[in-house]
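**Q** Structure below; questions to follow.
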Amino acid sequence: MRRVFTACLLTALLADVASAQGAAALDPFEAEQRLLELLGRRPAAPVGGWTQARVGLLTAGAENDPWAGRKDRERRLFGSDSGATLRWIPIELRSSSNSQRPWGINDGPVWQGKGNTSALSAGFVAEWRGFTATLNPVLWSASNEDFTLSRFATSPGQSPFSYPTRGNQRIDAPQRFGDKPVRRLDPGQSSLTFTARKLVVGASTATQRWGPARRNPLLLSQHAGGFGHAFLGTAEPVDVPAGKVHMQWLWGRLSESSFFDTLANNGSRYVTGVTLSFFPKFAPGLELGANRVFVARWRDGGPTLREATLIFIPLPKKAFEDSITNPNGDDERDQMASVFARWVAPAAGFEVYGEWARGDHGRDLRDFIVQPEHASAFAVGFQKTFRAEQSAFWHLGGEATVLGATRTSQLRPPPTAFYQHHLIRQGYTQRGQVLGAGIGPGSTQISLEVGRVASWGRAAVTVQRTSYDNDRYYAYAADTAALRTNEAEPAIIAEALVFRGDWELGGSLALAKLYNKDYLLRNDQRNVQVGLLARYRWR
């Protein structure tokens, strides 16, 4: 009881402290696991999808794992000879404070507006004979303080807080979540699964991460909150003659935010997607994969059998062509597809990865060969470990992401912007946040990170440069704007995580300067984000 009281008391005190979570790429424990793969201390796990909810706890330490002692600190409430177990998920508080404007990515359902934002999560995992039930909700609140919205007017019928885009290319990514403080309870990383041999089936609200990018996965990331979905897949890679295969196939429902439009009957969309990974025998450490996602309007009565199997629709538009009703082969659904690769070389403590995606069907093979860059995006990156010891090591990593429209958009009809669609008006979003790369449509980012992992915790510094929505700039701002008035933001982020007994205490400080806000020359704005993380592991 004393430990419980201490945890509750410190959590309450922390909630009143201004503080934060930086623009993190991965949860510290996920990031540490991936670095251990580079050192050969843990087998490389698939980056092409997760088959169960992440609960911020890896329960098994690897060989020479600096954090092995912490991963063994889970509290098992009971375990019986029948195999039934129940254990706590660590209680966690994340809090942030932005000085001038909303800022933050990869924070799940949380939206970090101007001012203070806090998120509290906890829960448990119950297991019995192949069944696993995870309850890990998150309660978050944001003071959502006022700031100057974009000078570009929103379209008729849209909320005044919505993202101002041109014509039919809209997206449900509000500039501000209304004019009042926001408080929400989200189911978070909760799920119910059943595993039989190497297959798993279940239902979940957990966030998904598809692809190798650490900061900006192109199709599914942890930037937005998870959406309710059912899934079928492999619990772990399955042996095939040429290597190993991993797969996940999901069906879900996306929701609109309250700050997109004034219509009451268009708030839901249907989403289905598949991710495949292949680990060839001939190239140890190599993972090759592909993702495909469809988003459609939610129909009365729910998805049909055809919509449940959309992933099998042919890739070329030519398959949809009808000389009378559909001469261009257009599809009323939004489709995105990507291919990716990751190569891990433990002997060198090094990994390199990349993902390339398209947001539109090609008409046929000829079209793809002539203009493969149409409606495309990519992310590339690397990580390197060095000066490795048994209980500590350094790491260096970099990543570049490009989401902007290509020159083909000058001649070809929409979709021309990644994550936006002329028929699926909310775009590729869940409750007002992009499901893919957190930097948003039309944006680019390059980052470089250096850090150290040791038995006491982790410290890292990241330098990054982001250019926001160049598509919008070139579409309807550049003709009235001065030369070199793109929105560009350099930032430096320092963060640390320290272990103290049953506690894990972290902090971050981010300094960012946005040049030419709203595409106005020298309309610069500085933002300071301070962050705090407190996590208590029950024993």
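**Q** Tabulate in residue order the Karplus-calculated ³J(HN,Hα) for the stretch 200-215, using 6.51 cos²θ - 1.76 cosθ + 1.60 with θ = phi - 60°, rounded to whole Hz; enter x for Gly and Pro.
**A** Computed from phi, the couplings for the stretch 200-215 are 9, 9, x, 10, 7, 10, 6, 5, 10, 10, 10, x, x, 4, 8, 9 Hz.
**Q** Let me check against my output: what whole-number percent is the relative contact order of the chain, with C-alpha pairs under 8 Å and at least 6 apart?
**A** 16 percent
**Q** Which of rounded, prolate or oblate describes the stretch 244-326 when judged by the alpha-carbon gyration tensor and an a/c cut-off of 1.5?
**A** It is oblate, given that a/c is not under 1.5 and a/b is not larger than b/c.
**Q** Now, a different point. Based on alpha-carbon centroids, what's the gap between the stretch 98-128 and the stretch 365-387 in Å, whole number please?
**A** 30 Å
**Q** Next question. Arrange the peptides 237-245, 89-97 so that the one whose residues have, on average, the most other Cβ atoms within 10 Å appears first.
**A** The packing order, highest mean first, is 89-97, 237-245.
**Q** How would the stretch 184-239 be classified by its alpha-carbon gyration tensor: rounded, prolate or oblate, with rounded meaning a/c under 1.5 and the a/b versus b/c comparison settling the rest?
**A** Values: a/c = 3.09, a/b = 1.24, b/c = 2.49.
Since a/c reaches 1.5 but b/c is at least a/b, the shape of the stretch 184-239 is classed as oblate.
**Q** With θ taken as phi - 60° and the coefficients 6.51, -1.76 and 1.60, list the Karplus ³J(HN,Hα) couplings across the stretch 450-464 in order, rounded to whole Hz; mark glycine and proline as x.
**A** 10, x, 9, 10, 8, 5, 7, x, 8, 9, 8, 10, 10, 10, 9
**Q** Continuing with the same structure: If you wrap a convex hull around the C-alpha atoms of the stretch 402-539 and split its volume per residue, what is the figure in Å³?
**A** Dividing the Cα hull volume of the stretch 402-539 by its residues yields 142 Å³.
**Q** Still on this structure, please answer the following. Aspartates and glutamates within cross-link reach of K180: Cα-Cα under 16 Å, excluding same-chain residues under 8 positions apart?
**A** Straight-line reach from K180, under 16 Å: E145, D146.
**Q** If you plug each phi of the stretch 129-138 into the Karplus form 6.51 cos²θ - 1.76 cosθ + 1.60 with θ = phi - 60°, what whole-Hz ³J(HN,Hα) values come out, in order, with x for Gly and Pro?
**A** Calculated HN-Hα couplings, in order: 6, x, 8, 9, 10, 10, 10, 9, x, 10 Hz.
**Q** Something else about it: Tell me the trypsin sites (Lys or Arg not before Pro) within the stretch 332-391 that lie in a loop according to DSSP and have at most 14 other beta-carbon atoms within 10 Å.
**A** R387
**Q** Classify the stretch 117-174 as rounded, prolate or oblate from the Cα gyration tensor: take a ≥ b ≥ c as the square roots of its eigenvalues, call it rounded if a/c is under 1.5, otherwise prolate when a/b beats b/c and oblate if not.
**A** It is oblate, given that a/c is not under 1.5 and a/b is not larger than b/c.
**Q** Compute the signed sum of charges (Lys and Arg +1, Asp and Glu -1) over the other residues within less than 14 Å, Cβ to Cβ, of A357.
**A** Residues close to A357 contribute a combined charge of -2.
**Q** What is the Cα radius of gyration of the stretch 139-232 over 2.2 N^0.38 Å, N being its residue count? Before the final figure, lay out the partial values.
**A** Numbers: Rg = 17.9 Å, N = 94, 2.2 N^0.38 = 12.4 Å.
My calculation over the Cα atoms of the stretch 139-232 gives 1.45.
**Q** Now a separate question. Can you compute the helix-only [θ] at 222 nm over the chain? Use -39500 (n - 2.57) per DSSP H run of at least 4 residues, normalise by all residues, nearest 500 deg cm²/dmol.
**A** Values: 5 runs with 39 residues, N = 539.
Helices in the chain give a 222 nm mean residue ellipticity of -2000 deg cm²/dmol.
**Q** Which peptide among 116-125, 450-459 comes first, and what is the full order, when sorted by highest mean count of other Cβ atoms within 10 Å?
**A** 116-125, 450-459
No value in this document is a laboratory result; all are computed from the given coordinates. What you see is a predicted model; the values in this text were computed from it and never measured. Backbone-built Cβ (ideal geometry, glycine too); neighbour counts: all protein chains shown.
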